[in-house]
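The values are calculated or read from the model by the stated rules, or taken from the named source; none is laboratory data. This one's a predicted model, so the numbers in the text were calculated from it and none came from an experiment. We place every Cβ from the backbone using ideal geometry, glycine too, and count neighbours over all the protein chains shown. These area figures cover heavy atoms from the full protein model, side chains too; ligands, DNA and RNA do not enter into them. Shrake-Rupley method; radii C 1.70, N 1.55, O 1.52, S 1.80 Å.
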Amino acid sequence: MFDSIRTVLTIATLSLVSTTIVAKDPLPIDAWLETDVVAASLSHDGTYLGVLREDKEREGHRVIWVYTFDDESNLVLHRRINSTTMRIGAFTWLSDTHFIMGLRQQVRNRIDGFNQGVYRGKSQIVDLAEGEFVALPIQNAGIEHPLPNQATKLIVSEDTNGSRSGRRTIGDGSFWHSYYEFDLATMRKKLLLRAKFMLQDVRFDADGNPESAAGFDLDSLESVYQYRPDPNDPTWVEFGRSHIDDFESFVPVGIDHNKPHHEYVIAHNGQDKQALWSYDKKNRQFSELVYGRNDIDVLGTINHTNRLEHYGEVAGVVTLKDRVEYTFFPEHDMEGAIHNQFASLIENAFTTRVVSVSRDGQSMVVRNSGPKAAPSFYVFRQGRFNYLGTLLPEIESDDLSETTYIEYPARDGLTIPGYVTTPVHGEPPFPLIVMPHGGPFVTEGVGFDPWAQLLANNGFMVLQPQYRGSHNYGLNFYKTAFIEKSEAGYAMQDDKDDGALYLIEQGLVDPDRMAMFGWSYGGYAALVASMRTPQIYQCAVAGAAVSDPIMQVNYYRYRVDGVQKIEQLNAWTGAFSPFREVAKVNVPLFVIHGNNDQRVPIDHSRKLIRKLEDLDIDHKYLEIKGIDHFSDTMKKSHLKLFYTELISYLKNDCGPEGL
């Protein structure tokens, strides 16, 4: 199934449907703040439907609405479950009548080291049959998977050292976790495996038998992969290794049932792009390329939607380019047909996926999300397909804009992918916001992006450049950002500017009305943009920005090793430093930061602001009280302040007359 769609990259050109589009007033900011359905899923037998919704009465809180169904599959409210002091982050069904919810509460107003100090979390089990709430009696618990053949039992993991990152830490002696069989009827646990460096990250089969594990060899500094050929024999057999300094991936993802002793593995296997392979564990060699592409990586696999009846069964692959695509194996073509059938029933279907299925396969929850559709949920039951709700009920599809995948040439000849969101109202040339993603070494996809849509609704074209260093476009594209020298603030910055210049050449953007806005690394890029010469932007907006790369990397330089150490230290120690070069700021600058930021501490912005004030450089500073680094810590009042100030600044204070 090798897909060789393109061997030569081409340059995509945007086109506009009409040049006579009538301008329309932007939606009020409040329309972007009214949120409703966050998630939905079914109990194992399909009797209950749990819906996580924002609490309309208490800002920052969520409520789980639990429904049953009447004879005609209409929803009947069973009960509402909330927490008086903690925010419900997510919930997961454990059985026909039990689910577990993760809760978080802010306990301090200042950080206590990198990525810690502000929040406290816990897990709570809800027993609907008995009407009881029970704290999970396990430290730093992880729910590994249900045991489909034992109705009240599941496998959980416990990390007694307090780390749930899933990564080994040599420096402080932290192990991964031990595994237990947990009985919901008695709330007792039974030890299955105690974690060791050579036996970590264990995967179990549907009956609870360990079938594979990833460990670590401290002597050779290699990840070690093992499996049990016979579920009745406790002997582990090694089938692969990878060194911590090796950038090529080797990720076992599930058993290939088409061949004995074979495993599906996502790996490079000497190629630039990551692909899915069938791997012979017995002979320790790749045996077949299952799916790969010449233009992009295989990002992951998709399992059978009915995880209770087909637990751990790999059904296809996930790729991302102009949209998220699920490509199902021939033996699972029915899975693809189900997804396609649901997509045909949904207006503005984009990324449509079955996210929850009852054990008998007769009830399903379907999620759809895309540029023209905020995340929305649907319920299929007894042949009926009904709309459940959406995340943003005040936003209509007519107010949302299409997002298009493009490619453009960087000044050194490298082809750069990007996503362009075009205002649904108005006509070109548009004012442009270049909005680089954070990370920077991450994958950014196309879907519903509330920030891009907010900006587009206010008349701005939005470019989200996938600059060098971004994942999904092969090893060379990723490594060129740091392997020889740091390109942070240099070629990585050129990639962003070259995207803006490309859109000008296409006649889509007004060269005198451009700005850069970003968050985290994107905020760092916005700081750099404010200091470049020649200057192509009228202003820059930097959110939660790294202003001092050396200060940032010093927070964790002794916590990382292997490829992560090479990546992070090479990228940041040689990066352009906005703090050191602050005197070069030559356009208006708006700096935004949350005072509880645990990832990029607020000292980055505070010390930058002091320098800007000392040098009498035009700037604005907004410090948002009570938010961390990520947007999920922003309450409605935070978002209203942030959105209002952002749009006002861009329209009124960006450049001589605003954008």
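A compact table of results
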| read-out | value |
| --- | --- |
| Per-residue ³J(HN,Hα) for region 322-331, Karplus 6.51 cos²θ - 1.76 cosθ + 1.60, θ = phi - 60°, Hz, x for Gly and Pro | 6, 6, 6, 10, 10, 10, 8, 5, x, 6 |
| Set of aspartates and glutamates with alpha-carbon distance to Lys620 below 15 Å, sequence-local pairs under 8 removed | Glu645, Asp653 |
| Set of region 446-461 residues, backbone N closer than 18 Å to the point 7 Å along the Cα-Cβ line of Asp398 | 457-459 |
| Convex hull per residue volume in Å³, alpha carbons only, for region 423-512 | 101 Å³ |
| Derived scalar couplings ³J(HN,Hα) [region 287-300; Karplus, 6.51 cos²θ - 1.76 cosθ + 1.60; whole Hz; x for Gly, Pro] | 10, 7, 7, 7, 7, x, 9, 7, 9, 9, 7, 7, 7, x |
| Area accessible to solvent at Tyr387, 1.4 Å probe radius, in Å² | 130 Å² |
| Greater than 30 Å apart at Cα, pairs in Lys485/Lys651; Lys281/Lys485; Lys122/Lys625; Lys24/Lys635; Lys372/Lys496; Lys122/Lys607 | Lys485/Lys651; Lys281/Lys485; Lys122/Lys607 |
| Surface per residue (accessible, 1.4 Å probe) for the chain, Å² | 42 Å² |
| Global geometry of region 281-331, whether rounded, prolate or oblate, following the gyration tensor of its Cα atoms and the 1.5 cut on a/c | oblate |
| Rounded if a/c under 1.5, otherwise prolate or oblate - region 299-356, Cα gyration tensor axes | oblate |
| Exposure of Asp322 as accessible area (Å², to 10), given a probe of 1.4 Å and all protein chains | 80 Å² |
| Leu192 long-range amide H proximity, modeled H, under 5 Å | Tyr179, Tyr180, Glu181 |
| Residue-count net charge about Ile64 - beta-carbon cut-off 11 Å; Lys, Arg +1, Asp, Glu -1 | +3 |
| Solvent-accessible ranking of Arg468, Arg359, Arg188, Arg80, largest area first, probe 1.4 Å | Arg188, Arg80, Arg359, Arg468 |
| Accessible area (Å², 1.4 Å probe, nearest 10) - Met198 | 80 Å² |
| Per-residue ³J(HN,Hα) for region 549-560, Karplus 6.51 cos²θ - 1.76 cosθ + 1.60, θ = phi - 60°, Hz, x for Gly and Pro | x, 5, 4, 5, 5, 5, 5, 9, 4, 9, 9, 10 |
| Charged-residue dipole, Cβ positions (Lys, Arg, Asp, Glu), the chain about Cα centre, Debye nearest 20 | 1560 debye |
| Within-12-Å neighbourhood charge of Ala410 [Cβ basis; K, R +1; D, E -1] | -4 |
| Radius 14 Å from Cβ of Ala129, net charge of other residues (Lys, Arg +1; Asp, Glu -1) | -4 |
| Reachable lysines, given that their alpha-carbon falls under 19 Å from the alpha-carbon of Lys282 and they are not under 8 places away in the same chain | Lys259 |
| Value at 222 nm in deg cm²/dmol, rounded to 500, when DSSP H runs of n ≥ 4 in the chain each add -39,500 (n - 2.57) | -4000 deg cm²/dmol |
| Relative contact order %, the chain, counting alpha carbon pairs below 8 Å whose residues are six or more apart | 11 percent |
| Shape category assigned to region 558-659 from the gyration tensor of Cα positions, a/c cut at 1.5 | oblate |
| Lysines whose Cα lies under 18 Å from that of Lys190, excluding same-chain neighbours fewer than 8 positions away | Lys153 |
| Sequence-distant residues sharing a close amide H with Gly89 (under 5 Å, placed H) | Gly102, Leu103, Arg104 |
| At q = 0.05, 0.07, 0.09 Å⁻¹, base-10 log of I(q)/I(0) for the chain (Debye sum, equal scatterers on each alpha carbon) | -0.24, -0.49, -0.84 |
| Förster radius 30 Å - calculated FRET efficiency between Lys636 and Val76 (Cβ-Cβ, nearest 0.05) | 0.55 |
| Under-5 Å amide H pairs with Glu313, H placed in peptide plane, nonlocal only | His304 |
| Taking all pairs of distinct alpha-carbon atoms in region 222-270, Kirkwood radius in angstrom | 12.1 Å |
| Sulfur and carbon atoms: percent of accessible area, region 602-656 [1.4 Å] | 48 percent |
